[in-house]
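Colleague: After the structure tokens below, expect a handful of questions from me.
The values are calculated or read from the model by the stated rules, or taken from the named source; none is laboratory data. From a predicted model like this one, the values you see are computed outputs, not experimental measurements. Methodologically, a virtual Cβ is constructed for each residue, glycine included, from the backbone with ideal geometry; neighbour enumeration extends over all protein chains shown.
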Amino acid sequence: MENKPKKPTPAIKQNHGRHQDPAARRANFDEVAMGFGLEEAVTEAARCLNCKTKPCELACPVNVKIPEFVDLVHKEDLGAAASKIFETSLFPAICGRVCPQENYCENACVLKEKFGPVSVGRLERFTADYARKNDLIKPPACAPDTGKKVACVGSGPTSLAVAAELRKLGHAVTVFEALHEFGGVLSYGIPTFRLPREVVRFEVAMLRQMGVRLLKNVMVGKSISIEELKKDFDVVYIGSGAGLPTPMNAPGENLVGVYSSNEFLTRVNLMGAHNFPETDTPYYIGKKVVVVGGGNTAMDSARCAMRLGPESVTLLYRRTRAEMPARVEEVENAMEEGIKFEFLTAPVELVGDEKGRLKRVKCIRMELGAPDASGRRKPMPQGGSDFFIEADSLVVAIGSSPNPVIQQSTPGLATNKWGGIIVEEATAKTSLDGIYAGGDVVRGGATVLLAMKDGKAAAKAIHEKLSAKGN
């Protein structure tokens, strides 16, 4: 390592990484982004200026020590680089793939405007993958047992973050998952072509090695109540996500062939519908598929549908491309894969045949008015702009809210008008003593990274409570 060449000039342009050919990938569920090789990673890491002020690290919601791990990548000390990431985040292979780095660390990179930012996300993914494949990863050390017990409801990113942080501090943690696979939205919502399941399973297995207990097929609120958990645990953290779909409330939404994105993605991602009849879960999409929405879930739904072999997939979005909340990379990937986009378009009615099957979608054109509460310009219907799109199936991907099971079965738990649990922002405390919450069950549908941020903040507050005198 003493003979390591000096870092080249940062004038080298950002490396966006290799991807599967669009024509090939639209027929498989293999990962689209192929990642860096060692030489590519070392070269990209050399672009980092190691700024003293560390703007990238400050912009990261989970405060990954970015300049330090990137420097270790440049020195080809990949085990140390992975360990450096693990100091603040136990899930780098996940975050490296699905975190919107363009809004956080990479957006803060001083090279962004002139040369493109350092590809932090791709370097994080490379580091985690390389360390995993070369057996360089060791679970972080845990403090001596404190005798305190914490229950985490749900096994999505926010609960996993809480479990990791509290276990490192010596507390006993048990994670309860309602489904038959751990990972929450990481397993049922995000397709394997974006996040391979072996990555999720490996990083969940790290928690097991640390001593976290994981129980599946337990629906808290039905199988066991929060009040019952409180009898056995000192603290309960609710991280049950936002799995309740938002309907369009359009006529014909109950026709055969109409799915919520939650159902559609769960059928494909968690239950393997794309492998039917090898798996037990069937699907029906027909020849023409329509997807409604403009976020990452809509992109995932459209891209999954394309891989099931229809003649066409059309995505309807009521604003323009500039207003789409989906990641730019996901929109570009979808377009490369042949998905047709109809911007400034909204469905108003679903029309079926005599057997109750969807046949076509009545749409109207929109125009943008003044900004609404979201800060984006409000879409306004254009009179006399009705038209029809032929469709055998349609996926509604316009948002989701928390499943109300826990809220309705827990007396005294304060919620807002859309069913989200109300918490103190700084501590994640709910209205009930010893009950904390975070992630999508508080925020509504948000990002994996923000869910992890909530989990880390909650873990700090929980640790302070458990460490206080008298507890």
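Colleague: Taking region 238-286, which residues are without any contact (Cβ under 8 Å) to a residue 60 or more places away in the chain and either touching a Ser or Thr at 6+ places or on another chain (Cβ under 8 Å) or among the small types (Gly, Ala, Ser) (or both)?
Modeller: Arg267, Met271, Gly272, Ala273
Colleague: Taking the condition touching a helix residue (DSSP H, G or I) at 6+ places or on another chain (Cβ under 6 Å) and in the same structural domain as Ala82 (by TED's automatic domain parsing), does Tyr188 pass?
Modeller: In short, no.
Colleague: Among the residues of region 301-328, what is the count of those that are out of contact with any Asp or Glu (no Cβ under 8 Å at 6 or more places or on another chain), assigned to a helix (DSSP H, G or I) and either closer than 23 Å to Ser374 by Cα or among the polar types (S, T, N, Q) (or both)?
Modeller: 4
Colleague: Can you pull out the residues in region 451-471 that are surrounded by fewer than 24 Cβ atoms within 10 Å (Cβ to Cβ) and part of a helix (DSSP H, G or I)?
Modeller: Within region 451-471, Lys453, Lys456, Ala457, Lys460, Ala461, His463, Glu464, Lys465, Leu466, Ser467 meet the criteria.
Colleague: Follow-up. Please determine, by comparing only the residues of region 47-84 that are within 19 Å of the chain's Cα centre (by Cα) and closer than 24 Å to Val199 by Cα, which one is surrounded by the fewest Cβ atoms within 10 Å (Cβ to Cβ).
Modeller: Of everything passing the filter in region 47-84, Asn63 is surrounded by the fewest Cβ atoms within 10 Å (Cβ to Cβ).
Colleague: Looking at Ser374, Ser431, can you tell me which residue is hydroxyl-bearing (Ser, Thr, Tyr) and at pLDDT 95 or above?
Modeller: Answer to the check: Ser431.
Colleague: Would you pick out the residues in region 337-371 that are over 26 Å from Gln382 (Cβ atoms) and crowded, with 16+ Cβ neighbours inside 10 Å?
Modeller: Glu337
Colleague: Only one residue in Val441, Val423 is touching a Ser or Thr at 6+ places or on another chain (Cβ under 7 Å) and either part of a strand (DSSP E or B) or within 30 Å of Pro347 (Cβ to Cβ) (or both). Which one?
Modeller: Val441
Colleague: Follow-up question, since we're still on this one. Considering only region 141-149, I want to know if a residue exists there that is in contact (Cβ under 8 Å) with a residue 40 or more places away in the chain and crowded, with 21+ Cβ neighbours inside 10 Å.
Modeller: No; the residues of region 141-149 include none that is in contact (Cβ under 8 Å) with a residue 40 or more places away in the chain and crowded, with 21+ Cβ neighbours inside 10 Å.
Colleague: Is region 378-385 home to any residue that is more than 19 Å from Ser260 (Cα to Cα), modelled with pLDDT of 95 or more and surrounded by 17 or more Cβ atoms within 10 Å (Cβ to Cβ)?
Modeller: No, region 378-385 contains no residue that is more than 19 Å from Ser260 (Cα to Cα), modelled with pLDDT of 95 or more and surrounded by 17 or more Cβ atoms within 10 Å (Cβ to Cβ).
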